[in-house]
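Notes for the one structure printed next.
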Amino acid sequence: MRIVMLGPPGAGKGTQARLLAQRLGIPQISTGDILREAVRKGTPAGLEARGYMQRGLLVPDELVVRIVNERMAEPDAAKGFILDGFPRTYAQARALEESLAAKGQRLSMVIALDVDEETVVKRISGRLVCRQCGAMFHALYDPPRNDNLCDKCNGSLYQRDDDKEETVRRRLQQYREETRPLMDFYANKALLVRIDGTGAVEEVKERILKALETLDGQNDPA
Ligand code: AP5
């Protein structure tokens with residue numbers, strides 16, 4: 001299956017993509033995670049992306065498309081993948097379509113998580129991420145057992161640089177202007193499924209799995 005997760009910052013794309021990836025045995029490809037790792041390592045891509053990310057702006061299409069194409073070409077993505085945070089602009093959506101078509105492939109489904117802005121801000125402001133394994137927690141909704149330590153690997157937890165209020169507002173604006181229009185793009189291709197992203201993580205996961213059942217029998221469209 002080749003799935004795209006769409007939704008505003010903090011909608012739960014990463015949380016759900018991770019769960020689905022485990023369940024379906026295909027990789028989660030998160031452009032945000034790949035870019036943050038590049039920034040941390042100080043690679044040329046990271047140096048280029050850093051300023052945009054710190055300001056809550058989208059990183060240039062060309063750079064992101066290159067990163068995703070490289071990642072999709074790795075062997076573990078041959079049977080499918082979950083794209084988390086990509087595409088985010090028309091140019092990225094078209095580039096994805098082209099690179100899949102070149103391999104005789106197309107997307108299976110685009111899942112849009114519907115969450116109102118008030119909820120999104122609450123989720124982002126409490127988010128804690130493990131420095132070591134990338135596991136995600138929330139100070140109120142999913143607190144770690146030990147303060148500031150990851151339940152899974154004992155790594156230290158931190159708040160993302162771009163989770164400050166001012167930057168979150170800019171990210172939401174970018175979403176409204178650049179990414180939300182992709183809902184129509186994918187609805188016109190009969191690929192879009194809107195999922196209520198509110199409620200508990202497990203509830204949202206069940207809604208997504210139910211939507212994916214509709215793909216049974218046409219499991220891996222060429
Ligand atoms: P990215 O990392 O993709 O950030 P984002 O899209 O803003 O999304 P988030 O990671 O903030 O949220 P999410 O929807 O994954 O929610 P999560 O599951 O973490 O991008 C960061 C930056 O990189 C961008 O601003 C841009 O600069 C650059 N970038 C990345 N991709 C790009 C692209 N394609 N083009 C250009 N630039 C790009 O959940 C949030 C919190 O809520 C967590 O604490 C979680 O535990 C909690 N939570 C999740 N679900 C629930 C629930 N159901 N109930 C209660 N709490 C929940």
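The values are calculated or read from the model by the stated rules, or taken from the named source; none is laboratory data. Keep in mind that this is a model prediction, so the values were computed, not measured. Don't worry about glycine lacking a Cβ; one is built from the backbone with ideal geometry, like all the others, and counts go over all protein chains shown. Just so you know, the surface numbers come from the protein's heavy atoms only, side chains and all, with ligands and any DNA or RNA stripped out. Shrake-Rupley method; radii C 1.70, N 1.55, O 1.52, S 1.80 Å.
Results, tabulated for the structure shown:
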item: Accessible-area composition of the range 1-103, carbon plus sulfur, in percent [1.4 Å probe]; result: 53 percent
item: Check: the chain dipole with +1 on Lys, Arg Cβ and -1 on Asp, Glu Cβ, in debye; result: 320 debye
item: Sum of side-chain charges, residue 10 neighbourhood, beta-carbon under 10 Å (Lys, Arg +1; Asp, Glu -1); result: +3
item: Calculated FRET value between residue 90 and residue 153, using beta carbons and R₀ = 30 Å, to 0.05; result: 0.20
item: Where the range 169-210 is the region considered: accessible area per residue in Å², 1.4 Å probe; result: 59 Å²
item: Carbon + sulfur, % of accessible area of the range 119-220 - ligands and nucleic acids excluded, 1.4 Å; result: 45 percent
item: Unit charges on C-beta of K, R, D, E only; dipole of the range 21-145, Debye; result: 380 debye
item: MRE, 222 nm, helices only [DSSP H, n ≥ 4, -39500 (n - 2.57), over the chain, to nearest 500]; result: -13000 deg cm²/dmol
item: 1.4 Å probe accessible area per residue over the range 1-132, in Å²; result: 46 Å²
item: Surface accessible to a 1.4 Å probe, residue 117 within the full protein complex, Å²; result: 80 Å²
item: Evaluated at q = 0.14, 0.18 Å⁻¹: base-10 log I(q)/I(0), Debye formula over Cα of the chain; result: -0.89, -1.57
item: Residues of type lysines that residue 152 reaches as a straight line, Cα spacing below 25 Å, ignoring anything fewer than 8 places off in the same chain; result: 13, 41, 122, 205
